[in-house]
Amino acid sequence: MEGGSEDQPGATAGRPLDRRAELSEFLRNRRARLQPEDVGLSGAGRHRRVPGLRREELAQLAGVSVAYYTRLEQGNGRNVSTEVLGSIARALRLTDAEYAHLTHLVKPKEHKKKPAARQPQTRQALRQLLDSMEGVPAYVVGRRSDILAWNRAAAALFGDWSELPAAERNWARLVFLRPDYRDLFADWEQKAIDVVRALRTDAGCYPDDPKLSALVGELSVKSDEFRRMWALHDVKEKNHGVKRLHHPLVGDIQLYFEGFRLPDDPDLSLVTFHAEPGSPSAESLRLLVSWGTDATLRTPSA
């Protein structure tokens, strides 16, 4: 999992992410995943030197000139109208999340909610709410996948994050750099993909965030898997679903999760987990919560 050098792609050493490069790579990546037959160009010829659609084909579908689209794909997003951006998004068959990401890359100043350096805070009432949710593992996650607050049940399920330095309370670092978390998630690959997608979304909204670019650089150097997933430029918000865990104390658990963005600070999300009532997973979760911090994950030996 680990390896690489500081000269490898993504090692930005805390410098802001290159907006032009991000835009260019995202558009090229999305164009390459479309085949001619996907858009009704079955007679476009069999001998193609590049994967996916050609620039001129994409430009034709979007109703713009090849020169115009080429400038955009080269990272020049100045003076692009909302209408043209929408046409290109439709031609590329972008999802709503991908279209929002493209818009942030082209017009970041119009969509930045607050200074990137602002340190998010969890209100005391929110912490009290977490503490009151007995039997329901819950935590608050912020920008860059930082874990900001959690309750006793979450500590029993995922480990006592209070034992970690604040900088290490981060889902990306835990998932890609900690072997015990690789063992914890039965579908580790999907969990890792979800984390990278969330970071990609943050990068589109806050390309000038030095902590985000430092995190991306660190993970790109230390994890080949992160570097591979980051290069896909995938963005997708996942607010509910199923997580299958293999806990070292109670074995396999299947839990349902729900994510709720806080209305007064959309950078923060409250995430909760619950098991199907009466299921073996519900009994396993009950046992873990009853054990409390005694059920926390052990830090692997060096």
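Before we move on, is ALA91 hydrophobic (A, V, I, L, M, F, W, C), assigned to a helix (DSSP H, G or I), farther than 30 Å from PRO210 by Cβ and at pLDDT 75 or above?
yes
Answer yes or no: is there a residue in the range 203-214 that is over 18 Å from ASP146 (Cα atoms) and not acidic (Asp, Glu).
no
Please name all residue pairs, on different chains or six or more residues apart, with Cβ atoms under 7 Å, provided the first residue is in the range 169-194 and is closer than 18 Å to VAL221 by Cβ and the second residue is part of a helix (DSSP H, G or I) and among the charged types (D, E, K, R).
Taking only residues 6 or more apart or on different chains, the pairs are ASN170/ARG144; VAL175/LYS191; PHE176/GLU225; LEU177/LYS222; ALA192/GLU225.
Could you list, ordered by first residue, the pairs with Cβ atoms under 9 Å in which the first is in the range 41-69 and in the same structural domain as ARG93 (by TED's automatic domain parsing) and of a type in the set (D, E, K, R) and the second is modelled with pLDDT under 85 and assigned to a loop (DSSP other than H, G, I, E, B), at least 6 apart or interchain?
ARG54/ALA44; ARG54/ARG48; GLU57/LEU41; GLU57/ALA44
Assuming ASP208 fulfils every condition listed in (1) closer than 28 Å to GLY75 by Cα; (2) part of a helix (DSSP H, G or I) apart from one, which condition is it?
Unmet for ASP208, out of (1) closer than 28 Å to GLY75 by Cα; (2) part of a helix (DSSP H, G or I): (2).
Pairs needed: first member in the range 125-152, modelled with pLDDT of 95 or more; second member anywhere, surrounded by fewer than 21 Cβ atoms within 10 Å (Cβ to Cβ) and basic (Lys, Arg); C-beta distance under 7 Å; at least 6 residues apart or different chains.
Partner pairs satisfying both residue conditions: ASP146/ARG169; ILE147/ARG169; ALA149/ARG127.
Of everything in the range 140-163 that's out of contact with any Lys or Arg (no Cβ under 9 Å at 6 or more places or on another chain) and surrounded by fewer than 21 Cβ atoms within 10 Å (Cβ to Cβ), which residue is nearest to SER290 (Cα to Cα)?
The selected residue is ARG152.
Can you pull out the residues in the range 210-219 that are surrounded by fewer than 22 Cβ atoms within 10 Å (Cβ to Cβ) and either in contact with a helix residue (DSSP H, G or I) (Cβ under 9 Å, 6 or more places away or on another chain) or charged (D, E, K, R) (or both)?
LYS211, GLU218
Just name the residue that is farthest from PRO179 (Cα to Cα) out of those in the range 241-273 that are over 19 Å from the mean Cα position of the chain (by Cα) and acidic (Asp, Glu).
Among those residues, the one meeting the criterion is ASP264.
TYR256 passes all but one of (1) of a type outside the set (Gly, Ala, Ser); (2) closer than 26 Å to GLN121 by Cβ; (3) surrounded by fewer than 15 Cβ atoms within 10 Å (Cβ to Cβ); which number fails?
Only one criterion is unmet by TYR256, namely (2).
I'd like the residue in the range 97-124 that is within 23 Å of LEU164 (Cα to Cα) and surrounded by 14 or more Cβ atoms within 10 Å (Cβ to Cβ) and, out of all such residues, is modelled with the lowest pLDDT.
For the range 97-124, the residue satisfying everything is PRO120.
The values are calculated or read from the model by the stated rules, or taken from the named source; none is laboratory data. Note that the structure is a prediction, hence the values are computed from the model and not measured. Because the Cβ atoms are built from the backbone with ideal geometry, glycine has one as well, and the counts that use them run over all protein chains shown.
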